[in-house]
Amino acid sequence: MDSFVIRGGRSLHGTVEISGAKNAALPIFCVSLLAEGVHFFRNVPRLNDIDTIVELVRYLGAEVEGEAPVLRVATDRLHRFDAPYEHVKKMRASVLALGPLLARFGEARVSLPGGCAIGARPIDQHLKGFEALGAQVTIEHGYVVAKAQRLRGAEIVFDLPTVGGTENIMMAAALADGRTTLLNCAREPEVEELARVLNKMGANVVGAGTDTIHIEGVREMRPVDHAIIPDRIEAGTYMVAAAITGGDVLLHNCRLDHMESVAAKLVQAGASVTAEGQGVRVRAKAPFRACDATTMPYPGFPTDMQAQFMVLMCLAKGESVITETVFENRFMHVPELARMGADIEIRGRAAVVRGVPKLSAATVMCSDLRASAALAIAGLVAEGETRLLRVYHIDRGYEDIVAKLAGLGADVERVRGDA
Ligand code: EPZ
């Protein structure tokens, strides 16, 4: 297993290129299953999670050629409609194949995703949606088995704004008979992006990006050629890294309009965040102001930025309260930050962060994707040499993070196969 060694104390300067969005690319590979033909996906990030979804669509019978950032996906010889445990256990987003397979083939058998480090993460809202569209849904031997002669439009009210639920049902409803109305939907830019791709394929989706989406089902869809939006969470991560090191960084190919809540929090903490050309410039100098943050569905402060922002608050002047409302177990980074000298007290779903003058380097363990990114940021400012273990968590969602950070002047290296 690889690890990272980070020697702290350098401020980040220069330009970093933001990659395509992981959480947009994953459902987009699944949406290709809805239509026969040859699709082209561009600005695809080079990530382990992308390799996993490519493996799944290949297993279903798709031919995938090329390599990120441009992939050619031919879906005219799909011959399976199941996503085995082996795939889903590696990446729960594989469950997003369920909607397209059910809609196109009238049946799908997908391993029920288990819990993960950040929470139980049930898919009850997905299953409720498929049943409302007329599918028979059963759980057999750890698999969701869904069958429907033909899906039919329905009105579905989500109990909570679920990103995956909105995406899965939107894809299924695209080929259903009649009109579907989704209420209390997720409004994330990745949901809007998926609707954009669906409409380019001939679907009729209106309202994505709001809490109400209308879908007029169509008989068939066509292949698509699409360039994926930039990754707002990767961008947010580099913004915090730039600020906390007292740097000056231009993030190229980054959409500020997708990150208003993150930018606002950084400005509140004392950083300057400005749009510049095709990107965003972040500049900052300590001391940072303590400020509270509460994670919420979009357009609220993203849960995927909670850990990274917490590191900044570890060095802020004063006390801040960070409340995690989306996932029930997303403070795995806290004990590791404490090993680096942070002063954080967990009270239920809130973490009380008391700013300290400095962090000190230590060997720390990655537990999930965003917690790992937060520990890497802590390593950039900690005094001494930090070792980050189990960085495979980071490789799932950050393209070339070592090269990108080193390109901004960080002293960081990957140690291959470090026991
Ligand atoms: C997506 O996960 C993202 N993953 C997550 O990013 C992100 O944290 C999350 O949305 C929230 O923004 C991808 O897009 C691949 P949800 P998803 O359904 O779709 C509960 C990262 O770091 N819920 O919006 O799984 C659920 O347990 C990852 O890149 C139900 O109760 O998130 C959670 O508490 C981590 N029943 C909340 O809703 C359901 O049927 C939000 O989950 C579905 C969800």
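The values are calculated or read from the model by the stated rules, or taken from the named source; none is laboratory data. A quick note: this is a predicted structure, and the numbers were derived from the prediction, not measured. In this analysis, Cβ positions are derived from the backbone assuming ideal geometry, glycine residues included, and neighbour counts consider all displayed protein chains. These area figures cover heavy atoms from the full protein model, side chains too; ligands, DNA and RNA do not enter into them. Shrake-Rupley method; radii C 1.70, N 1.55, O 1.52, S 1.80 Å.
Within the range 310-330, the set of residues being under 21 Å from H393 (Cα atoms) and either of a type in the set (D, E, K, R) or within 14 Å of the ligand (Cβ to nearest atom) (or both) comprises E324, V326, F327, E328, N329, R330. Each residue in the range 172-198 was checked for being open to solvent by less than 40 Å² (accessible area, probe 1.4 Å), within 13 Å of the ligand (Cβ to nearest atom) and either of a type in the set (V, I, T) or within 17 Å of G300 (Cα to Cα) (or both), and 6 pass.
Residue count for the range 199-219 satisfying the condition of being among the aliphatic types (A, V, I, L, M), in contact (Cβ under 8 Å) with a residue 12 or more places away in the chain and more than 16 Å from the ligand (Cβ to nearest atom): 5.
Which one of I169, I139, I123 is of a type in the set (V, I, T), away from the ligand (no atom under 13 Å from the Cβ) and closer than 30 Å to H393 by Cα?
Details: I169 fails: away from the ligand (no atom under 13 Å from the Cβ); I123 fails: away from the ligand (no atom under 13 Å from the Cβ).
Just a single option satisfies the conditions, and that option is I139.
Only one of the numbered conditions (1) open to solvent by 10 Å² or more (accessible area, probe 1.4 Å); (2) touching a strand residue (DSSP E or B) at 6+ places or on another chain (Cβ under 6 Å); (3) farther than 22 Å from G164 by Cα is not met by I322, and that is (1).
Of all residues in the range 362-378, those satisfying the criterion of being more than 10 Å from I394 (Cβ to Cβ), open to solvent by less than 10 Å² (accessible area, probe 1.4 Å) and within 16 Å of the ligand (Cβ to nearest atom) are A374, I377.
Are any residues in the range 331-361 open to solvent by 60 Å² or more (accessible area, probe 1.4 Å), assigned to a loop (DSSP other than H, G, I, E, B) and away from the ligand (no atom under 16 Å from the Cβ), and if so, which ones? Within the range 331-361, P357, K358 qualify.
Looking only at the range 201-213, residues that are surrounded by fewer than 16 Cβ atoms within 10 Å (Cβ to Cβ) and not aliphatic (A, V, I, L, M) come to 4 in all.
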